[in-house]
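The values are calculated or read from the model by the stated rules, or taken from the named source; none is laboratory data. Every value quoted in this text rests on a predicted model; they were computed, and no experiment measured them. Cβ coordinates were reconstructed from backbone atoms using ideal geometry, including for glycine residues, and neighbour counts include every protein chain displayed. Ligands, DNA and RNA are excluded from the accessible area calculation, which covers all protein heavy atoms including side chains. Shrake-Rupley method; radii C 1.70, N 1.55, O 1.52, S 1.80 Å.
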Amino acid sequence: MASPLSANRFLACLRDEGLTVVEVGDWREHNRNHVGPWGPVHGVMIHHTVTRGSAYTVRLCRNGYEGLPGPLCHGVITKDGRVHLVGYGRANHAGLGDDDVLRAVIAEKALPPDNEKNTDGNRHFYGFECENLGDGEDPWPEAQLESIERAAAAVCRQHGWTHRSVIGHLEWQPGKVDPRGFTMDAMRRRIAERLK
C-alpha cells in the first residue's frame, strides 16, 4: 500500500530514469479527483491508444472525449519515446477490473485470469497510454518500447515495487486487448532487468 508520489517527484523520477519528458499545460492539477479518491496506489498500467499522430494522441489523452472526460492517463508515450505528462491524480484509464488481479499485484505474484469487473482501477494504478493503432500491425519502435520500460521502472523504483507491479489493461479488465503488439511478460522481463 502506498500513497501516490507528489507530482514533482513523479516528474523527477521519470527524468532520473533518462526519459525525455514534455509537460503539457497544467498537468499537475488536471485530474478526476472530484469523482473519487486516487490512492493507495499499487502498480502501473500500460495501454495503447488506438490513434495515429503524436499531437492528436496527446490532445485526446489530455482532454478525453464525449462520455469519457480526460485525463485518460498520467503520461502519453509517443512513437519517438517522449513521455508527455497530461494529468496527475485520478485519471480515466483503468476502469473497473478484477479484484483478484489487484490482490496479485499487491502481493507481486503471478496474475490470475481477469474475469470480473468489480474494482476501481483508476484509484489504484498509474497509467501510461502508448501511441499505437492497436491492430497488431502498427509497429512499436524500440525508442517507444524502451520508454515504456523506463517509465514503468521509474515508478516501481520510487515505490520499491518489482516488475510484477506492472500490468497491461488486458490483464485487468475482461474484454480489453491493450497493449497489442508486444507481450506484457516480455515487457516485465525488460523492467526486471532494468531494476536490477
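Listed by first and then second residue, the pairs with beta-carbon distance under 8 Å, at least 6 apart or on different chains, first residue in segment 47-74 and at negative phi and in contact (Cβ under 8 Å) with a residue 60 or more places away in the chain, second among the small types (Gly, Ala, Ser) and buried (at least 20 other Cβ atoms within 10 Å of the Cβ), are HIS47/GLY127; HIS47/GLY168; CYS61/GLY70; HIS74/GLY87; HIS74/ALA91; HIS74/GLY127.
Evaluate the following for ARG164: is it in a loop (DSSP other than H, G, I, E, B) and at pLDDT 95 or above? Judged against the criteria, ARG164 is not a match.
Counting only residues that are among the hydrophobic types (A, V, I, L, M, F, W, C) and either within 17 Å of the chain's Cα centre (by Cα) or part of a loop (DSSP other than H, G, I, E, B) (or both), which one in segment 97-115 is farthest from THR183 (Cα to Cα)? Lay out the reasoning, then the answer.
Start the filter on segment 97-115 by keeping residues that are among the hydrophobic types (A, V, I, L, M, F, W, C), which leaves 101-102, 104-107, 110-111.
Among the residues that remain, those that are also either within 17 Å of the chain's Cα centre (by Cα) or part of a loop (DSSP other than H, G, I, E, B) (or both) are: 101-102, 105-106, 110-111.
Details: VAL101: 17, LEU102: 19, VAL105: 17, ILE106: 21, ALA110: 15, LEU111: 14 Å.
By that ranking, first place goes to ILE106.
On the given criteria, is GLY39 farther than 16 Å from CYS130 by Cβ, part of a loop (DSSP other than H, G, I, E, B) and open to solvent by less than 20 Å² (accessible area, probe 1.4 Å)? Judged against the criteria, GLY39 is a match. Among all residues of segment 86-94, there is none that is of a type outside the set (Gly, Ala, Ser), free of Cβ contacts under 8 Å to residues at least 40 places away in the same chain, open to solvent by 20 Å² or more (accessible area, probe 1.4 Å) and closer than 18 Å to TRP38 by Cα. Looking only at residues in segment 116-133 that are part of a strand (DSSP E or B) and among the charged types (D, E, K, R), the one that is nearest to MET45 (Cα to Cα) is GLU129. Here ARG15 passes the criteria (1) among the charged types (D, E, K, R); (2) touching a residue at least 60 places away in the same chain (Cβ under 8 Å); (3) under 15 Å from VAL83 (Cβ atoms); (4) in contact with a strand residue (DSSP E or B) (Cβ under 8 Å, 6 or more places away or on another chain) except the one numbered (2).
Does PRO71 satisfy the criteria of being open to solvent by 30 Å² or more (accessible area, probe 1.4 Å), at pLDDT 95 or above and closer than 16 Å to PHE125 by Cα? Walk me through how you get there before you give the answer.
Working: open to solvent by 30 Å² or more (accessible area, probe 1.4 Å): no; at pLDDT 95 or above: yes; closer than 16 Å to PHE125 by Cα: yes.
Considered against the rule, which asks whether it is open to solvent by 30 Å² or more (accessible area, probe 1.4 Å), at pLDDT 95 or above and closer than 16 Å to PHE125 by Cα, PRO71 comes out as no.
Residues of segment 48-79 that are part of a loop (DSSP other than H, G, I, E, B), in contact with a helix residue (DSSP H, G or I) (Cβ under 6 Å, 6 or more places away or on another chain) and under 23 Å from MET187 (Cα atoms): THR49, THR51, LEU72, CYS73, THR78, LYS79.
In segment 173-196, what count of residues is obtained for those that are among the hydrophobic types (A, V, I, L, M, F, W, C) and open to solvent by 20 Å² or more (accessible area, probe 1.4 Å)? Lay out the reasoning, then the answer.
Applying the first criterion (among the hydrophobic types (A, V, I, L, M, F, W, C)) to segment 173-196 yields 177, 182, 184, 186-187, 191-192, 195.
Cutting the leftovers down to open to solvent by 20 Å² or more (accessible area, probe 1.4 Å) gives us 177, 182, 186, 192, 195.
Matching residues across segment 173-196 total 5.
Any residue that is surrounded by fewer than 24 Cβ atoms within 10 Å (Cβ to Cβ) and under 21 Å from ARG32 (Cβ atoms) - is there at least one of those in segment 133-145?
Taking segment 133-145 as the starting set, the residues that turn out to be surrounded by fewer than 24 Cβ atoms within 10 Å (Cβ to Cβ) are 133-145.
Those left that are additionally under 21 Å from ARG32 (Cβ atoms): none.
No, segment 133-145 contains no residue that is surrounded by fewer than 24 Cβ atoms within 10 Å (Cβ to Cβ) and under 21 Å from ARG32 (Cβ atoms).
So, in segment 1-34, exactly how many residues are of a type outside the set (A, V, I, L, M), touching a His at 6+ places or on another chain (Cβ under 9 Å) and surrounded by fewer than 19 Cβ atoms within 10 Å (Cβ to Cβ)? Matching residues across segment 1-34 total 1.
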